[in-house]
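Encoded as structure tokens, the structure appears first; notes follow it.
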Amino acid sequence: MRWGVLKTHNCGDLRVRHVGEEVTLAGWVHRRRDHGGVTFIDLRDRSGVVQIVFHAGVDSDASLTALPGVRNEYVLRVSGEVVERAEETKNPNLGTGDVEVQAATLEVLNEAKTPPFAIVDDVEVDEMLRLQYRYVDLRRPVMQRAIEMRHGTNQYIRNFMTGRGFSEVETPIMVAATPEGARDYLVPSRLRPGAFYALPQSPQQLKQLLMVGGLERYFQIARCFRDEDFRADRQAEFTQLDIEVSFVEEDDILSMLEELFHGLSRALRTDLHVPTPFPRLTYADVMERFGSDKPDLRYDLELSDCSDLVRESGFGVFRGAVEAGGRVRAVVMPGGASLSRKQVDEFTELAKTMGAKGLVSIQFTAPPADATEDDVRSPVLRHIGIETARAIGVRCEAKSGDLVLIAAGPDGVVNTVLDGLRRDIARRLDLADPDVLQFAFITDFPMFEWDADGRRWDALHHPFTAPNAADLPLLDSDPARARARAYDLIASGYELGSGSIRIHQRALQSRVFDLLGIGPEEQEARFGHMLRAFEYGAPPHGGFAVGLDRVVMLLMGVENIREVIAFPKTQSATDPLTGAPSPVTAEQLDELGIRLAVPPS
Ligand code: ASP
């Protein structure tokens, strides 16, 4: 394939089979070395690097006089013959290491200032500088691989979905608000001053309306926008694989997702082990066993409930927690008995950052079942007594040499703390195999969660999620216990996506809105179009959305989502390259009928 009139070959493609050919290459100066009369330039394009040799003076073309001024990142076009390198100068670490190009002509296509950082994979430089000079940063091979991985992901998905009869439909970016639990980005309307579009938090309502529209199988690689306070693996704008299907139940969707994500990961990371079938675990089960709805299942470290063992305990913190309706649960660090007091305290500090008031430790230097006071080290041994300490050790299946970490309090706090400790222990002990991508589905989420501040129920997934038919009576009697037909896809400790079977009947949708504290007038104003659509033959339907940035992040084996996005935003949703967001002119504001209440920052 010809790469354009300016070059005949890619730098990284040249091999011994090209020896003797006249080639023209174009790319960037990766490195330059001068050895008395001979200059070597490693020329780089997106395919890789090849060595070019310039012999000053000998058989020189006039164009080579430009050579002395050539520096790193200059853009060159070079023609010459491919030759095999002398045996002792071959470089086995380079794909093109057996050959080099003897330059005959040189054209400087552009000059370059000294780059702000080196174009190498493991560059150590402040991320802000990388983002400010993203166009230089993107030249680093690892970034090019990430962008390729994204492209490969999108391509695989499009082929897969098309093969299964799905049509890609573009839904609009300027929409009415779709609630997914975050703040909306708003766009003022000039033609209707005072009115706003929202950027979609997801195409949720529109994809459901496509089902009412008879499309049956929709997908989209959709951009979504959520104005949230940032965490490391979140972006204000992100990309989802968005899916909606008619006439299906949970198993249809989960089976298809399993096939898609198993195939995708195997295609793009042949070196990874991707166990199938993906386990399907209920929300209640994983919260009990791991304290999290996105546990990393590459290792065990299951939690144990010790509440019944300490209910009568002489230790007020434990007894008090149980009396107040909370629980006392524990996680084991294998081999942790050898940790010093100070090292154990690090866990306590970590637990406090996650909302715990404290953390109790027990170290066993004998099998818990027959441990004596001499075999147990714990700051609370005096209060709980050896009997209870033993019972806790046995309950947790701790072994001689293990450390048991115990948290007490309301379930929410204890879950967060033990999930955090479990992940921290796994990190310290290197328990998560980086060569395994462990997917799983979490099912049977609760329908609602109680919002203590707002004193009302919130939809755990979103308000369009169908309740489990068996739990319909609970909607009135005990909403907290009602399960939703909602499911998540998780992988190696991350949530990748969520979906649900939807409500498709007006009466039930209205009832759920009522429960969420959305009265009839607000229902009509915000969701009248959905309610009406359900009156015109809405088919049963359900769907899913997967965060593609995170998928690519896992496939690349990186932990920062910005590493897999060409032009990401910082944690505070700014773009150091273009300066967005930026102030606008007074005229623009006037046209929109907007007056600022605060000066632009
Ligand atoms: N719209 C949902 C989300 O963005 C996914 C879905 O229910 O399909 O999380």
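The values are calculated or read from the model by the stated rules, or taken from the named source; none is laboratory data. Since the model is a prediction, treat every value here as computed from it, not as a measurement. Don't worry about glycine lacking a Cβ; one is built from the backbone with ideal geometry, like all the others, and counts go over all protein chains shown. Accessible surface is based on the protein model in full, side chains and every heavy atom, while ligands, DNA and RNA are left aside. Shrake-Rupley method; radii C 1.70, N 1.55, O 1.52, S 1.80 Å.
Checked against the criterion of being among the polar types (S, T, N, Q) and open to solvent by less than 20 Å² (accessible area, probe 1.4 Å), the range 38-47 has at least one qualifying residue.
Looking across the range 16-36, the residues that are open to solvent by less than 50 Å² (accessible area, probe 1.4 Å) and either among the hydrophobic types (A, V, I, L, M, F, W, C) or over 26 Å from Ile147 (Cβ atoms) (or both) come down to His18, Gly20, Val23, Leu25, Ala26, Val29.
When the residues of the range 128-176 are filtered to those that are within 24 Å of Pro200 (Cα to Cα) and among the polar types (S, T, N, Q), the one that is least open to solvent (accessible area, probe 1.4 Å) is Thr153. When you scan the range 470-524, how many residues do you find that are farther than 23 Å from Val286 by Cβ, assigned to a helix (DSSP H, G or I) and more than 16 Å from the ligand (Cβ to nearest atom)? Qualifying residue count, the range 470-524: 16. Which residues, counting only those in the range 235-262, are away from the ligand (no atom under 13 Å from the Cβ), part of a loop (DSSP other than H, G, I, E, B) and not acidic (Asp, Glu)? Hits for the range 235-262 are Gln235, Ala236, Phe247.
Using the structure shown, decide if Gln208 is crowded, with 17+ Cβ neighbours inside 10 Å, part of a helix (DSSP H, G or I) and within 13 Å of the ligand (Cβ to nearest atom). When the stated conditions are applied, Gln208 passes them.
Listed by position, the strands (runs of 3 or more DSSP E) inside the range 355-465 whose residues that are open to solvent by less than 60 Å² (accessible area, probe 1.4 Å) and within 16 Å of the ligand (Cβ to nearest atom) number at least 2 are 439-443, 456-459.
Looking at Pro583, Pro576, Pro599, Pro540, can you tell me which residue is open to solvent by 20 Å² or more (accessible area, probe 1.4 Å) and within 16 Å of the ligand (Cβ to nearest atom)? The unique qualifying residue is Pro540. For the range 502-512, the set of residues classified as surrounded by 22 or more Cβ atoms within 10 Å (Cβ to Cβ) and either in contact with a His (Cβ under 9 Å, 6 or more places away or on another chain) or of a type in the set (Phe, Trp, Tyr) (or both) consists of Arg502 only. Within the range 49-90, the set of residues being among the β-branched types (Val, Ile, Thr) and open to solvent by less than 50 Å² (accessible area, probe 1.4 Å) comprises Val49, Val50, Ile52, Val53, Val70, Val75, Val78, Val82, Val83. You will find that of Gly27, Gly48, Gly36, the residue that is more than 23 Å from Arg139 (Cβ to Cβ) and of a type outside the set (Ser, Thr, Tyr) is Gly36 and no other.
Looking across the range 236-261, just one residue is open to solvent by less than 10 Å² (accessible area, probe 1.4 Å) and over 20 Å from Tyr487 (Cα atoms), and that is Ala236. Just to be sure, is Gly557 modelled with pLDDT of 95 or more, away from the ligand (no atom under 16 Å from the Cβ) and on the phi > 0 side of the Ramachandran plot? The answer is no for Gly557. Please work out if Leu548 is crowded, with 17+ Cβ neighbours inside 10 Å and more than 16 Å from the ligand (Cβ to nearest atom). It is false that Leu548 is crowded, with 17+ Cβ neighbours inside 10 Å and more than 16 Å from the ligand (Cβ to nearest atom).
For the condition over 30 Å from Leu272 (Cβ atoms), of a type in the set (A, V, I, L, M, F, W, C) and either buried (at least 17 other Cβ atoms within 10 Å of the Cβ) or out of contact with any helix residue (DSSP H, G or I) (no Cβ under 8 Å at 6 or more places or on another chain) (or both), what is the one hit in Ile594, Ile561? Only one candidate qualifies: Ile594. Where the second residue is acidic (Asp, Glu) and open to solvent by less than 100 Å² (accessible area, probe 1.4 Å) and the first is within 26 Å of Ala236 (Cα to Cα) and lies in the range 581-594, which pairs have Cβ atoms under 9 Å and are six or more apart or on separate chains? What qualifies is Pro581/Asp575. On the stretch given as the range 296-324, residues that are in contact with a His (Cβ under 6 Å, 6 or more places away or on another chain) and not hydrophobic (A, V, I, L, M, F, W, C) total 1.
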